[in-house]
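**Student:** Just passing along the structure, written as structure tokens.
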Amino acid sequence: MLTAAHPQESVSPPLVDRRAILVAVRGPLSLNPSLEWAARRARATDAPLTLVHALPSADLMPPGTCYADVVTAGRTLLQAESARLSTRFPTLRVGTYLHCGDVVHALLGLSCDASLLVVGADRVNTVTGVFQGSVAVEVALGSLAPVLIIPTGHRESNERNGTVQGHVVVGVDGSAEAYAAVARAAAEADRLGAALRIVAAIKPEAPLSDEEAIDTSALLLKIRSSYPSLVVSWIVDMLRTPTRALIRHSRDAELLVIGRHGHGARPGMALGSVTHTLLLRPPCPTLVTTVPQAGQLPPLAR
């Protein structure tokens, strides 16, 4: 069923959020496309950037390992990446956080006071096709802040083809989570100077009712009211499942925005099947949004 949830709510530009952007650092910059993305976003939004690196717990190290050397190596890595980013982006405020233990626990613990978490997609064994770890999925599942997943090998384009406008894609399914994702996607598209594509996958035998059509029109009108110059297209895909539809329409997108279903890791761990599948192999940088609590600032500024 396709409907725009809560059309009486405004799709207004988000308030400025100056809280830190957190990015997981696994190795040198050349191995971290997520670090480049996070640094550019922090500079663009005038937010501080915190580099988070996790070391294996001492009890997991091979016998005879000098843990002090492990800690020193971790500090050296963070200092090198911080210095490199500060040189490239002189106005960027860079902090570091070294954690001894699981990186997921570190990021989730810090997420309550962050505007955004940025992590790389989980790695896949090129021979077996088996995923090596589940950091991205676990962080997206439990974070109190929105989570941005950067595909492996992603390279951000500095210049668009002058004849082609970039676009941001968002999926809708009638839920409150999807409505929050649309509001966030509209703000992101406006900030990037890109077009917005709203994608809904519905079954051919279940066309829109009059009530649903009215709700859809109301949402589009509110987006237009908040972002008058934003180019918006509403795509109804009757040929594909929700997952395949979003993959198809976001292959060349600058950003895919999806709402996280479920209540997060603390009270009840649940992640929508569409979200879970997309995060395993994100077609482009993919932002997983949460529904803000009453009185909470929207997590990302224009």
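The values are calculated or read from the model by the stated rules, or taken from the named source; none is laboratory data. Just so it is clear, the model here is predicted, and its values are computed rather than measured. For neighbour counting, all protein chains shown are included, and Cβ atoms are generated from backbone atoms with ideal geometry for every residue, glycine included. In case anyone asks, the SASA skips ligands and DNA or RNA and just uses the protein heavy atoms, side chains included. Shrake-Rupley method; radii C 1.70, N 1.55, O 1.52, S 1.80 Å.
**Student:** Out of all the residues in segment 170-179, is one or more among the polar types (S, T, N, Q) and at pLDDT below 80?
**Tutor:** yes
**Student:** Kindly check whether there is at least one residue in segment 111-126 that is at pLDDT below 90, under 27 Å from residue 44 (Cβ atoms) and assigned to a loop (DSSP other than H, G, I, E, B).
**Tutor:** yes
**Student:** Let me ask you something else. Among the residues of segment 231-239, is there at least one that is charged (D, E, K, R), surrounded by fewer than 18 Cβ atoms within 10 Å (Cβ to Cβ), modelled with pLDDT under 90 and in contact with a strand residue (DSSP E or B) (Cβ under 6 Å, 6 or more places away or on another chain)?
**Tutor:** Within segment 231-239 (the criterion being charged (D, E, K, R), surrounded by fewer than 18 Cβ atoms within 10 Å (Cβ to Cβ), modelled with pLDDT under 90 and in contact with a strand residue (DSSP E or B) (Cβ under 6 Å, 6 or more places away or on another chain)), the answer is yes, since at least one residue qualifies.
**Student:** Out of all the residues in segment 53-104, which are assigned to a loop (DSSP other than H, G, I, E, B), over 26 Å from residue 136 (Cβ atoms) and open to solvent by 70 Å² or more (accessible area, probe 1.4 Å)?
**Tutor:** Correct list: 62, 63, 64, 90, 91.
**Student:** For segment 184-213, which positions are modelled with pLDDT under 80, open to solvent by 50 Å² or more (accessible area, probe 1.4 Å) and not in a loop (DSSP other than H, G, I, E, B)?
**Tutor:** The answer is 210, 211.
**Student:** Which condition from (1) open to solvent by 60 Å² or more (accessible area, probe 1.4 Å); (2) among the hydroxyl-bearing types (Ser, Thr, Tyr); (3) not in a helix (DSSP H, G or I) is the one that residue 50 breaks?
**Tutor:** Going through (1) open to solvent by 60 Å² or more (accessible area, probe 1.4 Å); (2) among the hydroxyl-bearing types (Ser, Thr, Tyr); (3) not in a helix (DSSP H, G or I) one by one, residue 50 breaks only (1).
**Student:** Okay, next question. What about residue 2, is it in a loop (DSSP other than H, G, I, E, B), more than 21 Å from residue 286 (Cα to Cα) and at pLDDT 90 or above?
**Tutor:** no
**Student:** Still on this structure, I have one more. What's the number of the condition residue 247 fails, among (1) outside any loop (DSSP other than H, G, I, E, B); (2) open to solvent by 50 Å² or more (accessible area, probe 1.4 Å); (3) under 20 Å from residue 122 (Cβ atoms); (4) at pLDDT below 85?
**Tutor:** (4)
**Student:** Among the numbered conditions (1) open to solvent by less than 40 Å² (accessible area, probe 1.4 Å); (2) modelled with pLDDT under 90, tell me where residue 41 comes up short.
**Tutor:** Failed condition: (2).
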